[in-house]
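> After the structure tokens below, expect a handful of questions from me.
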Amino acid sequence: MNDRKKAKLILIRHGQSTWNADNRFSGWVDIPLNSTGRREAMEAAQKIKEYAIDVCFTSMLMRAKETTAICLTENSDRCEKKSPVFKHDADNPNWHGWDKYDGYIKEEIPIYTSPDLDERYYGDLQGYNKAEMAEEVGKEIVHQWRRSFSTRPPGGESLEDTAARTIPYFQKQILPYLKDGNNVLVSAHGNSLRSIIMHLDNLEESEVPGLELATGIPIVYTVNEEGKIVDKQILE
Ligand SMILES: O=C(O)[C@H](O)COP(=O)(O)O
């Protein structure tokens, strides 16, 4: 357990994926990192290695999980003694207990995965090129679909819908670890993290369209024992 006053919350949007590079709407499509994305995650690992990570949270999607695993590789002081272990969902009927083990329980950095941290569902837009879509329906409409708070892209989730799952998850599952003084890494997605940042930074709806997150750049919040943010650094 760390000094309570120094609990860090590290948020990171996954590194570049092959569809980020192709400028395609990804949403829930499970696209891996490309070589640029893996490099970004390695650079992020260097930037955060001073923080001994106690627990991680990530989405169900490969690009966020890969980023988590790479980010932990430089956390060497901790990893020498502790292994990162992806924790699977015991409540899922398809889980057969194959990831159970008896020893080393105190020696792990648990990585919890949840669909609540998945990217915003982009519905009918998934797979389409963003620039081509803007030519077809107009730049303004595509910007609304991508950046407004309450507009839903066709068949998909608005940021408001996404926030309705990410913020309760943050409050119930993540915040208690921070209040207890743990350093927490959350690797997720452009929009699932935008919704959490909107909550943490108390942003107005009108400020949300201007909030952009680069791939692979850690944002480090310092959180006090009451769960309040006392500092924010962007490690560009
Ligand atoms: O799902 C996607 O395509 C990206 O992760 C985020 O896309 P956006 O910047 O268009 O919201």
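> Tell me which residues, restricted to the stretch 48-68, are assigned to a helix (DSSP H, G or I) and either free of Cβ contacts under 8 Å to residues at least 24 places away in the same chain or buried (at least 20 other Cβ atoms within 10 Å of the Cβ) (or both).
Correct list: R63, A64, K65, E66, T67, T68.
> Conditions first: (1) over 18 Å from P153 (Cβ atoms); (2) assigned to a helix (DSSP H, G or I). N202 passes all but one, so which condition is the exception?
Against the list (1) over 18 Å from P153 (Cβ atoms); (2) assigned to a helix (DSSP H, G or I), N202 comes up short only on (2).
> Please find, within the stretch 16-36, the residue that is farthest from the ligand (Cβ to nearest atom) out of those that are assigned to a loop (DSSP other than H, G, I, E, B) and polar (S, T, N, Q).
N34
> Output the number of residues of the stretch 16-47 satisfying the condition of being surrounded by 23 or more Cβ atoms within 10 Å (Cβ to Cβ) and over 24 Å from L125 (Cα atoms).
Residues that pass the stated criteria total 3.
> Is it the case that the stretch 101-121 has a residue that's out of contact with any Lys or Arg (no Cβ under 8 Å at 6 or more places or on another chain), part of a loop (DSSP other than H, G, I, E, B), loosely packed, with under 12 Cβ neighbours inside 10 Å and in contact (Cβ under 8 Å) with a residue 24 or more places away in the chain?
no
> Testing R13 on (1) more than 12 Å from the ligand (Cβ to nearest atom); (2) within 15 Å of Y221 (Cα to Cα); (3) buried (at least 18 other Cβ atoms within 10 Å of the Cβ), one condition comes back false. Which one is that?
Result: R13 fails condition (1) only.
> Which one is modelled with the lowest pLDDT, of the residues in the stretch 196-230 that are away from the ligand (no atom under 16 Å from the Cβ) and among the hydroxyl-bearing types (S, T, Y)?
Out of the qualifying residues, it is S206.
> Residues of the stretch 127-148 being in contact (Cβ under 8 Å) with a residue 60 or more places away in the chain and surrounded by 19 or more Cβ atoms within 10 Å (Cβ to Cβ), which ones?
Hit for the stretch 127-148 is M133, nothing else.
> Follow-up. Could you tell me how many of the residues in the stretch 205-236 are part of a loop (DSSP other than H, G, I, E, B), under 23 Å from A69 (Cα atoms) and of a type outside the set (A, V, I, L, M, F, W, C)?
The qualifying residues number 3.
> Okay, moving on. So is I167 in contact with a strand residue (DSSP E or B) (Cβ under 8 Å, 6 or more places away or on another chain) and part of a helix (DSSP H, G or I) or not?
no
> Run N191 past the list (1) modelled with pLDDT of 95 or more; (2) surrounded by fewer than 17 Cβ atoms within 10 Å (Cβ to Cβ); (3) assigned to a helix (DSSP H, G or I) and report the number of the one that doesn't hold.
Status for N191: all satisfied but (2).
> Taking the stretch 159-174 on its own, how many of its residues are crowded, with 20+ Cβ neighbours inside 10 Å and either within 15 Å of the ligand (Cβ to nearest atom) or small (G, A, S) (or both)?
4
> Find all pairs meeting these conditions: Cβ atoms under 6 angstrom apart; at least six residues apart or on different chains; first residue within the stretch 180-195 and more than 11 Å from the ligand (Cβ to nearest atom); second residue acidic (D, E) and in a loop (DSSP other than H, G, I, E, B).
Hits for this filter: N182/D54; N183/D54.
The values are calculated or read from the model by the stated rules, or taken from the named source; none is laboratory data. Computed from a predicted structure; not experimentally measured. So basically every Cβ, Gly included, is an ideal-geometry build from the backbone, and we count neighbours across all protein chains shown.
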